[in-house]
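The values are calculated or read from the model by the stated rules, or taken from the named source; none is laboratory data. The model shown is predicted, which means the values in this text are computed figures rather than measured ones. Backbone-built Cβ (ideal geometry, glycine too); neighbour counts: all protein chains shown. These area figures cover heavy atoms from the full protein model, side chains too; ligands, DNA and RNA do not enter into them. Shrake-Rupley method; radii C 1.70, N 1.55, O 1.52, S 1.80 Å.
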Amino acid sequence: MTKAQINPSRQELQSRAIKVSIYGSGLLFLIIAAVGVMTDSVTLLLDAATNSVIFAVALLTHFSVQKVHRPPDHRYNFGYTKYEPFTVVIQSS
């Protein structure tokens, strides 16, 4: 095992956590939607709709974290940290 595998960086830990969130919310959406359709339950279908929003927020967070951790370049001299407040505004609305 390499040292990077033993002590992952903060960025790697965030990326792993977001991926678990994406996969979990996606799987939960699919299960709830399938059961809701099979049982013709409006409550389960509405819960599936709620989980689809959670899934979309997890995807947005993944995109934001990838952008924030990019180094500064000629276009953004101070880095990409402006994506973080933008993501928070979208998530809160």
Given Cβ charges of +1 for Lys and Arg and -1 for Asp and Glu, the option among 78, 56, 21 whose Cα lies farthest towards the positive end of the dipole of the chain is 78
Only Lys, Arg (+1) and Asp, Glu (-1) charged, at Cβ; the chain dipole about Cα centre in debye:
520 debye
Averaged per residue, what accessible surface does region 1-61 expose to a 1.4 Å probe, in Å²?
72 Å²
What three numbers, in Å, describe the spread of the alpha carbons of the chain along their principal axes, ordered from the longest?
53, 39, 17
Rounded to a whole %, the carbon-and-sulfur portion of the accessible area of the chain at a 1.4 Å probe is 67 percent
Nearest 10, in degrees from 0 to 90: the angle of helix 83-92 to the longest Cα principal axis of the chain is 20 degrees
Once phi for every residue in region 46-56 is put through the Karplus expression 6.51 cos²θ - 1.76 cosθ + 1.60 (θ = phi - 60°), the whole-Hz ³J(HN,Hα) values, with Gly and Pro written as x, are 5, 5, 5, 5, 4, 5, 5, 5, 4, 4, 5
Apply the Karplus parameterisation 6.51 cos²θ - 1.76 cosθ + 1.60, with θ equal to phi minus 60°, to every residue of region 68-79 and state each ³J(HN,Hα) to the nearest whole Hz, in sequence, with x for glycine and proline.
4, 7, 6, x, x, 9, 5, 7, 10, 5, 9, x
Note, ³J(HN,Hα) from phi for region 10-16, Karplus 6.51, -1.76, 1.60, rounded to Hz, x at Gly and Pro
4, 5, 5, 5, 5, 5, 5
Tell me the net charge near residue 90. Cut-off is 15 Å between Cβ atoms, residue 90 excluded, with +1 for each Lys or Arg and -1 for each Asp or Glu.
+1
